[in-house]
Amino acid sequence: RRRVLAGGAGKFGRQAATLGGLAALGTLAYNAYQKHQGQSGADTAPEGAFLPGNASDREAVGKATIRAMISAMKADGQIEAAEKAKLFDHLAKIDLSDAEKAFLFDELSKPLDIHQVVADATSTELAVEIYAASLVAINTQGPAEKAYLADLATRLKLDPGLVTRLHDEALVPA
């Protein structure tokens, strides 16, 4: 199995730092949410809930998902030198503004703060995207990573069936 967004390995979903990657995360979250809601008979997500139309909302979602990914990368206690090198190599290929670079470096230098990650989830849909971003950012087989994802899902109040659906949607046959 390989990660849809992580490109097969590593702790950073290589496309997720780009607008297209954020759209892919939104699509992953949306698909899992819609399928789960359809099975449970609940209402589906409102139009635009996973891909906001205005720039300020897109920026907020982008920051929340990047913060979630970086926090997930810290689940095992640190972001190792090789992980940072891979991340920086990828980010060098993206045209980031000075403010975006400052945000990334600030988040990388902060200690893990799951409370902030959860506080960013201002809606159920954003909670699903935050979980999806965390999921694709890490190798989910490590015990620290598994514990982090379980704790995050609980704190985000995600239905266990939805969490399973997200894992199913994020992994595809190699």
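So here's what we get for this one:
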| quantity | calculated |
| --- | --- |
| Estimated FRET transfer efficiency (Asn31, Phe88; beta-carbon r; R0 25 Å; 0.05) | 0.25 |
| Accessible carbon and sulfur surface of segment 93-174 relative to its total accessible area, %, 1.4 Å | 56 |
| Fully extended contour minus Cα-Cα distance, from Asn54 to Ala147, at 0.36 nm per residue | 30.0 nm |
| Average accessible surface area per residue within segment 125-174, 1.4 Å rolling probe, Å² | 41 |
| Anisotropy class of segment 70-154 from Cα gyration tensor, a/c 1.5 cut | oblate |
| Net charge contributed by nearby residues that have their C-beta within less than 15 Å of Asp113 (K/R +1, D/E -1) | +1 |
| Residue pairs, from the table Lys35/Lys63; Lys63/Lys146; Lys35/Lys110, whose Cα atoms sit over 31 Å apart | Lys35/Lys110 |
| Per-peptide average of other Cβ atoms within 10 Å, ordering 120-132, 153-165, 57-69 highest first | 120-132, 57-69, 153-165 |
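The values are calculated or read from the model by the stated rules, or taken from the named source; none is laboratory data. Not measured: the values here are computed from a predicted model. Virtual Cβ from ideal backbone geometry, glycine too; neighbours counted across all protein chains shown. Surface areas here come from the heavy atoms of the whole protein model, side chains and all, with no ligands, DNA or RNA. Shrake-Rupley method; radii C 1.70, N 1.55, O 1.52, S 1.80 Å.
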